[in-house]
Amino acid sequence: MAKKFNRKNKATKDFTQKIIKLLNENSGKSFNYKQIAAKLELDDTQSRNQIIKDLKLLTSQNQIKEVEVGKYLINKVSTDYLDGVIDMTTRKTAYFICDELEDDIFIPFNNLNKALDGDKVKVYVYNRRKGKKPEAEVVEILERKKTEFVGVINIHKNFAFLTTANPKMYTDIFISKDKIGTAENGDVVLVSLDDWPEKADSPFGSVIKVLGKPGDHNTEIHAILAEYGLPYDFPIEVQQFADQINTKIEASEVKNRRDMREVLTFTIDPKDAKDFDDALSFQVLENGNFEIGIHIADVSYYVKEGTILDDEAYQRATSIYLVDRVVPMLPEVLSNFACSLRPNEDKYTFSAVFEMNQKAEIVNQWFGRTVTHSDQRLAYEEAQFIIENKISTIPIETSITGSSYSVSDDVLQAILKLDELAKIMRYKRLKNGAISFDKVEVKFLLNEVAEPVGVYFKMAKDANHLIEEFMLLANRKVAEFIGKQQKTFVYRIHDEPNEDKLINLQTVISKFGYSLNFKSKKNISTSLNDLLENVQGKKEQNLIDTLAIRSMSKAKYSTDNIGHYGLAFDYYTHFTSPIRRYPDVMVHRLLQFYLDGGKSADAEIFETKCNHSSGMEVLATNAERDSVKYMQVKYMQDHQDQEFLGVISGVTEWGIFVEIIENKCEGMVRIREIKDDYYIFDEKQYAIVGSATKNVIQLGDEVYVKVKNADLVKKQLDFTYLRKKE
């Protein structure tokens, strides 16, 4: 529990930080020590004497200057003030991150001055001393990253405290008795951070919402969403607005579109999908070429700018795919019905239509609004069966309908030809330097009450690659079409990887006998692809796949096109998923605006929207990752007596991380709990070494473990180390 806040005026070791902050906020004004003491509300002799000492120290360090006898002014020339972001560690220290600096700057705990993880702050950077790295001190909090926190409430007689499970949150939140609401001791609650008084050890807050009891499934899922400020239902007024939208296909609107309802069209999606963003159409032309349409739900037709529906979609920016549920960007009436390209229904679509020859080269292209009709819905498993067996009858064990059935010969031939063309496009893309990240996805078999009863792995196969290649084609060509006109557009960009991260990756993979080629950008891409291919099916695959992805820059949305490194495209956007991504809606609107002859849109407005969308994507990804961790812990709770074989996926000074091979669940073994010796961390070897036996336990070793503790609230697994695999 946090300490109670200090109500008394106690002299601290020094007041340098407060003096700097005061003078900085009043730059151009000079103060004597009495005025400074009054401003700081310090009236005891001990504090005044300390201020005099601190003023002399700051003057000697050239941080302030004595402009006349006993009067001091901030020295703006000699001091170094920068704006940036706080990155907390789990040890109550932090780093200051700023675009103007090459390296992050360390901030000791006593220099944080109430700043929390992710806050935008102004810091003072101490002058560099020879042989020592610079340090920073927070002088002003410019913007809180978060003002709402999730945790467990501990209620006492006259007050309460919120304790969070976030290891980067170094303080509890004090809650007065009148702001507890209906919360009971031990509840998981959402609390607002209302104030942090100058002399208080902890910030003050109030309970906004009671989420439930710790460990309860719905409580924990709602807590994950609340932790990132994400919604799990729609405001009533937004839902009512969506329900009143006319979703009928009107003849008057069809006249304004290219009618492609007679062209063979089908969807290929996951078997449990409810929203179908995209469909493919296929026909053979008289000249022997193929006309292939990539048809995307025309969300922008229904979601109009300036409406509360559009405002809500923009704020959400993305659908969130948790293990047991989807939190959609759009209400169900649109996402699962009106906009979803369901079989045997006419739909408004936005399309990219290509004439392609046998070599998968584009002869002609067309972009615009269409009306389409899906003739067939296929799951990836069904399309994969067709590709592998080249027959039209789907057996009962593969069918998503629960019975055997046959697709038409036209569908069969279309899928086989599209697969052939997709493989050519994929080969060209990889040859041009694209990187193939086919990371294994962990999936859970859930029972009727959303409890995990099994784990399986999802791998991308030819059917997945077929859809992927044609979606990539549409995204690339739409971006290229507008980009070459040099008009404002929303791009999906991906910068080149950071060299230091690649060197770190090289250090780790060398432990397994792999290496990267750093001679050129093309060599790096080729060697990364070779690495990802060589680890397929091996014990270290998930570790190396994860580390390789982390070595890459983060993709984001921007109006400033720098290309997409990972895909090796000069132009790339997101056009193909407007049901679940707001940037795709923006792309549709801009594309239609330019097709209608519009001039270049305001880049500043769209850059702001791009930044918001990128930020919300990160939050959604974090929530999705947390839901997987939660489900892994829940799954392992029922396997506490079982012995598992795992691979060491990380080594730190306080323990080793072990990833269980059969289910990819990861947990920690505390170094002090390995009883056969006293182990010391060896950073260079990525290992711990026994003092007496010299036994080495290192990254990549296979070891046997048991579950020691499964903490649902912290989403954390602790293992007991049993032995190394011989």
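Quick one: which residue in LYS168, LYS130 is closer than 24 Å to LEU712 by Cβ, at pLDDT below 95, out of contact with any Cys (no Cβ under 9 Å at 6 or more places or on another chain) and charged (D, E, K, R)?
LYS168
In contact with a strand residue (DSSP E or B) (Cβ under 9 Å, 6 or more places away or on another chain) and open to solvent by 40 Å² or more (accessible area, probe 1.4 Å), is that true of PHE109?
yes
Does MET552 count as in contact with a His (Cβ under 8 Å, 6 or more places away or on another chain) and within 30 Å of ARG581 (Cα to Cα)?
Yes; evaluated as a whole, the condition is true for this residue.
If a residue has to be surrounded by 17 or more Cβ atoms within 10 Å (Cβ to Cβ) and assigned to a loop (DSSP other than H, G, I, E, B) to count, how many in region 643-692 make the cut?
Selection size over region 643-692: 5.
Tell me, please, whether a residue that is assigned to a helix (DSSP H, G or I), touching a residue at least 12 places away in the same chain (Cβ under 8 Å) and open to solvent by 10 Å² or more (accessible area, probe 1.4 Å) can be found in region 441-462.
The answer is yes, given that some residue of region 441-462 is assigned to a helix (DSSP H, G or I), touching a residue at least 12 places away in the same chain (Cβ under 8 Å) and open to solvent by 10 Å² or more (accessible area, probe 1.4 Å).
If only one of PHE350, PHE354, PHE337 is within 30 Å of LEU619 (Cα to Cα), open to solvent by less than 20 Å² (accessible area, probe 1.4 Å) and not in a loop (DSSP other than H, G, I, E, B), which one is it?
PHE350
What are the pairs with Cβ atoms under 6 angstrom where one residue, in region 193-211, is aromatic (Phe, Trp, Tyr) and the other, located anywhere, is open to solvent by 60 Å² or more (accessible area, probe 1.4 Å) and assigned to a strand (DSSP E or B)? Sequence gap at least six, or different chains.
Note: pairs meeting the criteria are PHE204/ASP194; PHE204/ASP195.
How many residues are open to solvent by 50 Å² or more (accessible area, probe 1.4 Å) and part of a loop (DSSP other than H, G, I, E, B) when one looks only at region 488-515?
The number of residues fulfilling the criteria is 5.
Just give me the residues in region 579-614 being of a type in the set (A, V, I, L, M, F, W, C), part of a loop (DSSP other than H, G, I, E, B) and within 21 Å of THR318 (Cα to Cα), in sequence order.
Selection gives ILE579 alone.
If a residue must be open to solvent by 30 Å² or more (accessible area, probe 1.4 Å), farther than 29 Å from THR621 by Cβ and assigned to a loop (DSSP other than H, G, I, E, B), how many such residues does region 192-227 contain?
5
Among (1) more than 19 Å from the chain's Cα centre (by Cα); (2) surrounded by fewer than 22 Cβ atoms within 10 Å (Cβ to Cβ); (3) under 30 Å from LEU334 (Cβ atoms); (4) among the polar types (S, T, N, Q), which single condition is THR576 missing?
Failing condition for THR576: (2).
Residues in region 98-117: is at least one assigned to a strand (DSSP E or B), among the β-branched types (Val, Ile, Thr) and touching a helix residue (DSSP H, G or I) at 6+ places or on another chain (Cβ under 6 Å)?
no
Do you know which of the residues in region 708-718 that are over 14 Å from LYS664 (Cα atoms) and open to solvent by less than 30 Å² (accessible area, probe 1.4 Å) is modelled with the lowest pLDDT?
LEU712
The values are calculated or read from the model by the stated rules, or taken from the named source; none is laboratory data. The shown structure was predicted, so the numbers you read here are calculated from the model rather than taken from an experiment. No Cβ is skipped: glycine too gets one built from the backbone with ideal geometry, and neighbour counts run over all protein chains shown. Note: areas computed on protein heavy atoms with side chains; ligands, DNA, RNA excluded. Shrake-Rupley method; radii C 1.70, N 1.55, O 1.52, S 1.80 Å.
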